[in-house]
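Read through the structure below, which is laid out as structure tokens, and then see the notes.
The values are calculated or read from the model by the stated rules, or taken from the named source; none is laboratory data. Note that this is a predicted model, so its numbers are computed, not measured. Positions of Cβ are backbone-derived with ideal geometry, glycine not excepted, and every protein chain shown enters the neighbour counts. Protein only, heavy atoms only, side chains kept; ligands, DNA and RNA dropped before computing areas. Shrake-Rupley method; radii C 1.70, N 1.55, O 1.52, S 1.80 Å.
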Amino acid sequence: MRSTTTMRTAIGTGATACLILVLTAGCTGGAGDATPSPSESSATPSSATGTATATPAPTPAPTETAGPVALPVDCTDIVDQATYASTFGDIPLNPVEFGGSGTSSGVVTPTTPPAGAGARDVVGAATELSCLWRDPRADVSGISVAMGHLEPAAGAAALDGLASQGYTCTSVHEGRSCQLVTPDPLYPVDRAQTYWLRDDVVVTVDQTNVPTDDLIGSIATRLFG
């Protein structure tokens with residue numbers, strides 16, 4: 001049997017411990033029955049208060065790249081109808097007597113110029129449309145128009161080559177034109193050879209005794225608007 005002194009000591013010790021718990025976390029009848037206060041519950045996950053993820057910016061649509069200027073496939077479509085009538089009139093188009101098709105179609109297949117080709121051969125190899133107006137009954141009178149695509153650097157080099165051969169070159173219709181006028185050796189008429197380059201389009205006009213009024217300008221309007 002424990003002594004009274006021992007019992008009092010134990011009670012006093014328990015009361016003291018309970019007082020300490022009250023001051024800190026509260027005290028109930030049993031040490032194992034204490035319910036944690038709300039402040040003792042599980043901590044809120046850090047992700048609940050984290051910084052919101054930025055929404056990625058929409059990917060811009062790809063920019064459309066303009067393709068090559070579409071060339072006409074019919075020789076009667078190289079200029080507007082009024083200009084065509086006033087320029088070419090009733091001159092036979094692509095006559096078979098001069099190797100033409102006898103039709104209004106002028107489509108031809110471009111070729112690769114040979115190594116070391118001159119300026120005129122480089123331009124000629126790029127031809128995609130070739131048209132000839134010439135009367136078989138005429139001696140030298142006639143006019144031809146050819147068109148094709150030529151990489152701008154190659155086109156510029158070709159026209160530089162023409163300039164070195166005596167062609168007169170000027171800036172016209174937002175492009176560059178090089179022209180050479182020579183007298184016909186047999187007839188009292190002149191032959192005018194004109195090369196016009198704009199972007200990747202090259203146009204050649206070769207005319208003898210067929211006057212025109214800014215034909216290059218009319219072709220430029222037809223092609224580029």
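With every protein chain kept in place and ligands, DNA and RNA left out, what is the accessible area per residue of the stretch 123-225? Probe 1.4 Å, answer in Å².
Per residue, the stretch 123-225 has 46 Å² of solvent-accessible surface.
For the stretch 96-182, which chymotrypsin sites (Phe, Trp or Tyr not before Pro) pass both filters: DSSP loop (anything but H, G, I, E, B) and at most 15 other C-beta atoms within 10 Å?
Taking the stretch 96-182 and a limit of 15 other Cβ atoms within 10 Å, no loop chymotrypsin sites (Phe, Trp or Tyr not before Pro) are found.
Per residue, how big is the convex hull of the stretch 144-205 when only Cα atoms are used? Give it in Å³.
84
Shape of the stretch 105-188 from its Cα gyration tensor (a ≥ b ≥ c, root eigenvalues): rounded if a/c is under 1.5, otherwise prolate when a/b > b/c, or oblate?
The shape class here is oblate.
Each residue of the stretch 102-114 in order: what ³J(HN,Hα) in whole Hz does its phi give by Karplus 6.51 cos²θ - 1.76 cosθ + 1.60, θ = phi - 60°, with x for Gly and Pro?
x, 10, 7, 6, x, 5, 9, 9, x, 10, 9, x, x
I need to check one value: relative contact order of the stretch 59-172, counting alpha carbon pairs closer than 8 Å and at least 6 residues apart, in percent.
In percent, rounded to a whole number, it is 23.
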